[in-house]
Amino acid sequence: MSQKTFKHVLQSAGLKTLAVVAALGLGFGAPQTMAQTKQVIRISTAAVPDDWHAKMWTVFKDTLEKSAPGEFDVQIHLNAALFKQGTEPAAMARGNLEMAPISAQDISKIVPEFSIFTAGYIIRDPDHQQKVFNGPIGAEVFKPVIQKMEVTPLATAYLGTRQVMLREDKNVKTPADLKGVKLRMPASKEWLFLGEALGATPTPLAFGEVYLALKTGTIDGQDNPLPSTRAAKFYEVSKTVVMTDHLVDAIFLSMASKTFNAMTPAQQQKVKAAAQAAAKYNNENRIKDEAAIVDEFKAKGMKIVKPDVDAFRKAVQDKYLNSDYAKIWPKGLLERINAVK
């Protein structure tokens with residue numbers, strides 16, 4: 001075969017190949033284009049599969065699929081498998097992640113005035129939490145979050161209420177009753193300040209060391225939400241639970257603003273509604289869990305003490321208001337939060 005003939009064969013084959021590709025494109029091009037228009041929403045969370053904070057994302061996905069069938073591809077990544085806990089806000093701002101739960105502590109690093117929600121006795125209970133963040137105050141405090149962090153909070157999920165657990169039988173009614181009590185707190189100045197505001201002697205200690213420290217008497221107590229306390233089996237080395245309700249914590253279901261702003265108003269509304277449904281599912285189940293744990297602890301012979309929470313609230317808020325922490329809080333915001341009923 002001459003060089004000229006060989007070249008002619010190649011050209012013919014090339015034309016045939018192009019014709020086949022074009023024909024395939026007519027048959028399969030449309031579905032591929034549709035698939036490409038599906039908005040991918042990758043969710044990164046440190047929650048473990050059995051946690052309500054993990055299960056709520058399935059509610060988000062299912063709700064969105066019902067309201068906007070075929071419009072979104074929601075991908076849930078648990079156990080911090082996609083991004084380490086605490087790194088999600090930066091990942092969303094860079095456009096590397098679409099959605100994640102972020103904490104008040106995460107936000108206050110970039111928006112210092114948001115630190116008011118990391119202080120003790122600011123939020124009274126889960127119901128108060130929802131009314132604050134779903135009302136005018138929430139709309140106001142989320143504005144700088146959207147502007148400075150480039151993430152858009154969509155819903156508020158209840159993280160849990162911290163209570164004080166003591167290794168000895170003690171009847172605690174006011175902060176004065178915690179005087180001299182070595183209370184384990186996470187090792188940061190903010191947490192240690194909270195322990196001091198409660199009236200105790202705050203003692204920094206890693207969570208993994210708390211069980212043995214309670215058993216040996218190195219510390220007199222610790223504070224955590226009841227589900228965490230149960231999971232760590234602190235009830236085995238403690239006798240009293242003081243229902244101080246001193247920190248009602250939250251996580252905010254948030255989306256990268258770049259992703260959210262690229263959606264149509266109708267899509268934005270559906271995504272918000274799905275996030276609210278997910279938070280509601282989490283909140284209801286977590287609240288039921290905490291109530292059940294109180295009964296479990298009673299059955300184990302633990303003493304459940306209901307202190308004068310108003311006395312604790314006044315003492316702790318006064319301590320904060322006379323500290324440097326309150327200097328960056330927006331003027332009048334604490335009073336407005338307290339006034340929400």
Would you grab the residues whose amide H sits under 5 Å from the one on ALA80? Only those 5+ places off in sequence or on another chain, please, with H modelled 1.01 Å from N.
THR45, ALA46, ALA47
Need the full-extension length gain, LYS148 to ASP62, defined as separation in residues times 0.36 nm minus the C-alpha distance. One decimal, nm.
27.9 nm
Relative exposure of TYR211, TYR281, judged by other C-beta atoms within 10 Å (fewest first)
TYR211, TYR281
For labels at THR37 and ASP308 in the simple 7 Å Cα→Cβ model, what's the distance in nm?
6.6
Sorted by chain and number, the residues with a modelled amide H under 5 Å from that of ASP245, at a separation of 5 or more or across chains, are VAL164
So for R0 = 22 Å, FRET eff. of ASP295-GLU168 from the Cβ-Cβ r, to 0.05, ends up at 0.50
Can you pull out the trypsin sites (Lys or Arg not before Pro) in the range 176-212 that DSSP calls coil and that have at most 10 other Cβ atoms within 10 Å?
LYS179
Longer than 27 Å from Cα to Cα, which of LYS109/LYS131; LYS84/LYS280; LYS61/LYS109; LYS239/LYS288 are they? Say none if no pair is.
LYS61/LYS109
Going by alpha carbons, how many degrees (0 to 90, nearest 10) lie between the helix axis of 309-321 and the longest principal axis of the chain?
70
Two pseudo-spin positions, 7 Å from Cα along C-beta at ALA339 and at GLN85, lie apart in nanometres by 3.7
In nm, to one decimal, how far is the modelled label at ILE110 from the one at GLU190, with both set 7 Å along Cα→Cβ?
1.5
Treating cross-link reach as a plain straight distance, find the aspartates and glutamates whose alpha-carbon is under 12 Å from the alpha-carbon of LYS303, omitting any fewer than eight places away in the same chain.
GLU168, ASP169, ASP295
Entries in LYS66/LYS233; LYS233/LYS306; LYS38/LYS148; LYS179/LYS298; LYS55/LYS327 that, when Cα-Cα distance is taken, lie over 31 Å
LYS66/LYS233; LYS55/LYS327
Work out how much length ASP50 to HIS77 would gain on full extension: take 0.36 nm times their residue separation and subtract the Cα-Cα distance, in nm to one decimal.
8.4 nm
Please report ILE293, ILE107 as a ranked list, fewest other C-beta atoms within 10 angstrom at the top and most at the bottom.
ILE293, ILE107
Difference of contour (0.36 nm per residue) and Cα-Cα distance, ASP127 to ALA139
2.6 nm
ALA266 to THR216: FRET efficiency via 1/(1 + (r/R0)^6), r the Cβ-Cβ distance, R0 56 Å, to the nearest 0.05?
0.40
Exposure-ranked with fewest Cβ neighbours within 10 Å first, LEU159, LEU334 stand as LEU334, LEU159
Between 0 and 90 degrees, rounded to the nearest ten: what's the tilt of helix 3-36 against the longest Cα principal axis of the chain?
40
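A short reminder: the numbers here are calculations on the coordinates, not readings from a lab. Everything quoted here is computed from the prediction, not taken from an experiment. Virtual Cβ from ideal backbone geometry, glycine too; neighbours counted across all protein chains shown.
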